[in-house]
Amino acid sequence: MIVRPRVVLDPGHGGWENGFGSGAIVEKDVNLAVCLQVRDLLEAEGVRALMTREEDVEMSALRRIEFANAQQADLFVSWHCDYLEDPTVRGLSLWVESRCTDPWQMMIFEQLGERISGVTNQISLGVFQMRDKVLNAVEAPSVLIKGGFLSHPEELADCVNPQFQKLQAQGAAEGILYVLKQMLPLQPR
Ligand SMILES: [Zn+2]
C-alpha cells in the first residue's frame, strides 16, 4: 500500500481576526491565498494536503491543534506574514517552537526557506524559535513561515500580488516536498 504523506497547511488568522494590516490589505487573506495554492501543488505531487481553513473563517488555536492531530499529519506548516515598526526590514523567516532544539530539523527547515527564496528572490532570514501554543501542541514536526514583511512597502506590494503569491507557493511546495523526503525517507512515493 502506498501511504500518501499528509501535510496540514494552516493559513494564519481568519474571520474577525485579520492579523497584520488594515483596510483592503489584511494578512489573513494573503495567508489563505498562498496556502490554497500550496495545497493544489502538493496534491498534484501526490501529497495529501489538508487545510485548517479554506475560507475566511475564524479558527481558534485549539481547533487548529485538534485538526492537525486528528489528521495524523506528517508535517504541519503554518503561514503568516510579518510586521515591524521599522519599514526597512524585509525577508522571509521560519519559526519553530522553542522546545524544538533538534539541529537536524532546523537545518531541514532552513532548506525549506531556501527553496522559497530561491524562487522569489527574497532574503531568507533563517530559522528562529518562538513560543507558540499551536506549534507546541501539534504532534507533527511543525514550522511557521512568515512570508514577508507587510511593514516594508515593496514587500507588502509583493505579498498581495497574485503573481508573487504563486511564486511563494511554488517555492513552498518544492520545499515541503524536500522536507517530506528527508523526514519520511522510507515511504514509497
Ligand atoms: Zn500572523
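The values are calculated or read from the model by the stated rules, or taken from the named source; none is laboratory data. The shown structure was predicted, so the numbers you read here are calculated from the model rather than taken from an experiment. FYI the Cβ positions are ideal-geometry reconstructions off the backbone, even for glycines, and counts take in every protein chain you see.
For residue 37, state whether it is in contact (Cβ under 8 Å) with a residue 60 or more places away in the chain, closer than 23 Å to residue 21 by Cα and of a type in the set (S, T, N, Q).
In short, yes.
Only one residue in 115, 99, 64, 90 is touching an Asp or Glu at 6+ places or on another chain (Cβ under 6 Å) and assigned to a loop (DSSP other than H, G, I, E, B), so which one is that?
Of 115, 99, 64, 90, the one residue that is touching an Asp or Glu at 6+ places or on another chain (Cβ under 6 Å) and assigned to a loop (DSSP other than H, G, I, E, B) is 90.
In the stretch 118-185, which helices (runs of 4 or more DSSP H) lie fully inside it and hold 3 or more residues that are within 16 Å of the ligand (Cβ to nearest atom) and under 16 Å from residue 84 (Cβ atoms)?
153-159
Among the residues of the stretch 148-165, write down those that are closer than 24 Å to residue 44 by Cβ and either surrounded by fewer than 16 Cβ atoms within 10 Å (Cβ to Cβ) or touching an Asp or Glu at 6+ places or on another chain (Cβ under 8 Å) (or both).
Selection gives 161, 162, 163, 164.
Which of the numbered conditions does residue 103 fail, given that it passes all the others? Conditions: (1) modelled with pLDDT of 95 or more; (2) away from the ligand (no atom under 16 Å from the Cβ).
Evaluating residue 103 over (1) modelled with pLDDT of 95 or more; (2) away from the ligand (no atom under 16 Å from the Cβ) leaves (1) as the failure.
In the stretch 1-59, how many residues are closer than 18 Å to residue 143 by Cα, basic (Lys, Arg) and either part of a loop (DSSP other than H, G, I, E, B) or within 16 Å of the ligand (Cβ to nearest atom) (or both)?
The number of residues fulfilling the criteria is 2.
Quick one: residue 90 ticks every box in (1) farther than 21 Å from residue 161 by Cα; (2) more than 16 Å from the ligand (Cβ to nearest atom); (3) surrounded by fewer than 21 Cβ atoms within 10 Å (Cβ to Cβ) except a single one, so which number is it?
(1)
Pairs please, first residue from the stretch 119-137 and among the basic types (Lys, Arg), second anywhere and assigned to a loop (DSSP other than H, G, I, E, B), Cβ atoms under 8 Å, 6+ apart in sequence or on different chains.
131/98
Provide a single number: the residues in the stretch 60-87 that are of a type in the set (Gly, Ala, Ser), in contact with a strand residue (DSSP E or B) (Cβ under 9 Å, 6 or more places away or on another chain) and away from the ligand (no atom under 16 Å from the Cβ).
2
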